[in-house]
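Everything below concerns the one structure shown next.
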Ligand SMILES: C[S@@+](CC[C@H](N)C(=O)[O-])C[C@H]1O[C@@H](n2cnc3c(N)ncnc32)[C@H](O)[C@@H]1O
């Protein structure tokens, strides 16, 4: 392609780089890329980007006053700068709709872009040649570059005989050293071209602030930001798990570890996992010889992980790069701690094309419930969450009332739990639990510690035809999942009830009067349907078997009242009798009579 026919130029520092650029950018050439150029001059490189990337948006920063060498008479770069801007405008005019021209010093324009939380996929650094400028241009624009984005640093070998401060190389070297571990080198010659692999892997405590002050500084290094544990549970998802791991690597929250569990896969998952994890020390891989089920593997992981916050990442889902920072920020800024936060998901097809932005079937908040999180000065702030993001988070995060029944959350990957609460409700009887982790943890953890919703899309939920739960994008009018799935989850609910009752000794005290409402919550029923749920003979049997434990744990009056509130007269009497070694206590007769009277009165009232 000839990019420059019919255009006017006085210099050409650019054409000979184009074959390398074409080769490196070809794969993404038709994507709607966001390109940033520092140093545009007459628009030669700009014309390349605008034409080789026909769907890109280009932002050009230039003072149009030239660098020192352009203004130095006698220099071979000396240029009459008065004509340069006019040539740039004329050359790029046909592409005006895709072009943003920022006539400013790069240090100012880049700060403005930073403040506006702008992001770019390609950055071309070709401005001032002093080492200090090359360093700051690269540093500032690196923060604007999206993970996976490409940065082209020009003039690495420019005029090697000049003093170090007057040529780009020392500045570029200092930048590359400061950001080591965050990029891979794609090309190194007169230009250095790198791809951003992740953000800030090494920045931790010093970036965590309160009222603008570094927590590391004010705590003398003794308080650190929370450690997040991602647990990827993979079973035969070789075709998707690579993208899942890459999305974790791209998190803009630096303080995380990731445990990848292969749950006895029989496809080539092991090879894909090893390739994508590479030598990243934040990742650990565990290959389980047999499939423990998703919940089984999740319980198993709780002895391995060290983080205070945990997300179980389904191996067919992906996280957006701000997933961890937004969830952690919400946890830290909520005035009342919650057991977990749940964000929206982008439901996609198997290839990642978005179908819907959903809350996974749950009801999300209306604005009147928004929390309006604590202001900047009074809360712990993460650097990756800009002021604008913080304001949005604040307006779009809400507590779910503790008493709310039913499913309110997004599926698995979208939830970030407190590890302490997961351990609190952990079951240890068996190794295998062949069921979804969220179906267990969300109800239990909400019952024990409450939950909050973040009404923002922070992860992608892939619908590929083999999902256990969803066979189409969510809809308020259609059930997701198969009848078989519903049958299995009803069976699972019975084991949850049994578990809670069997552990009444431990939980009743801890829940401080909330035990019975947690019990109702984990039935997954609405208040209206609770009575018929408890009427099921299987549920009755579970209560009968656990009755001695309940009788021992609760005062006689409470035990009678709570059983009578849930069961019919004859079932209740049997449970109460079983609780007291086959005999009804004196008090029970009184409670039964009272309960019958209440029922009769309520029927009479309804008739009126
Ligand atoms: C080498 S030229 C850019 C060449 C251009 N990319 C091309 O392909 O023709 C460098 C440009 O950087 C601009 N420049 C130098 N220092 C700058 C600064 N601090 N801020 C913004 N632009 C600057 C100059 O005005 C000049 O137009």
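Yes or no, residue by residue, for (1) within 16 Å of the ligand (Cβ to nearest atom); (2) modelled with pLDDT of 95 or more:
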{"site": "116", "(1), (2)": "no, no"}
{"site": "123", "(1), (2)": "yes, yes"}
{"site": "129", "(1), (2)": "yes, yes"}
{"site": "133", "(1), (2)": "yes, yes"}
{"site": "141", "(1), (2)": "yes, yes"}
{"site": "149", "(1), (2)": "no, no"}
{"site": "159", "(1), (2)": "yes, no"}
{"site": "181", "(1), (2)": "no, no"}
{"site": "184", "(1), (2)": "no, no"}
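For the structure I just gave you, tell me whether residue 66 is crowded, with 22+ Cβ neighbours inside 10 Å and at positive phi. No: the conditions fail for residue 66. Taking each residue of region 46-58 that is touching a residue at least 24 places away in the same chain (Cβ under 8 Å) and looking for partners that are part of a loop (DSSP other than H, G, I, E, B) and within 13 Å of the ligand (Cβ to nearest atom) with beta-carbon atoms closer than 8 Å, six or more apart or interchain, yields 46/40; 47/3; 47/4; 47/7; 48/3; 48/14; 51/3; 52/3.
Being loosely packed, with under 12 Cβ neighbours inside 10 Å and part of a helix (DSSP H, G or I) holds for only one residue in 86, 97, 46, and it is 97.
Screening residue 91 with (1) crowded, with 20+ Cβ neighbours inside 10 Å; (2) more than 7 Å from the ligand (Cβ to nearest atom); (3) closer than 24 Å to residue 133 by Cα gives one miss only, at (3).
Of everything listed in (1) touching a helix residue (DSSP H, G or I) at 6+ places or on another chain (Cβ under 9 Å); (2) modelled with pLDDT of 95 or more; (3) within 14 Å of the ligand (Cβ to nearest atom); (4) on the phi < 0 side of the Ramachandran plot, the single unmet condition for residue 105 is (1). Take the conditions within 9 Å of the ligand (Cβ to nearest atom), touching a residue at least 24 places away in the same chain (Cβ under 8 Å) and under 30 Å from residue 26 (Cα atoms) and apply them to residue 137. Does it pass? For residue 137, the condition - within 9 Å of the ligand (Cβ to nearest atom), touching a residue at least 24 places away in the same chain (Cβ under 8 Å) and under 30 Å from residue 26 (Cα atoms) - is met.
Condition check: modelled with pLDDT under 95 and crowded, with 17+ Cβ neighbours inside 10 Å. Does residue 475 satisfy that? Break it down stepwise before answering.
Values: modelled with pLDDT under 95: yes; crowded, with 17+ Cβ neighbours inside 10 Å: no.
Criteria not met by residue 475.
The listed residues are 37, 27, 31, 22, and the only one of them that is within 37 Å of the chain's Cα centre (by Cα), touching a residue at least 40 places away in the same chain (Cβ under 8 Å) and away from the ligand (no atom under 12 Å from the Cβ) turns out to be 31.
All conditions in (1) at pLDDT below 95; (2) surrounded by 15 or more Cβ atoms within 10 Å (Cβ to Cβ); (3) more than 10 Å from the ligand (Cβ to nearest atom) hold for residue 81, with the sole exception of (3).
The values are calculated or read from the model by the stated rules, or taken from the named source; none is laboratory data. Only a predicted model underlies this, so the values are computations on that prediction, with no experimental measurement involved. So basically every Cβ, Gly included, is an ideal-geometry build from the backbone, and we count neighbours across all protein chains shown.
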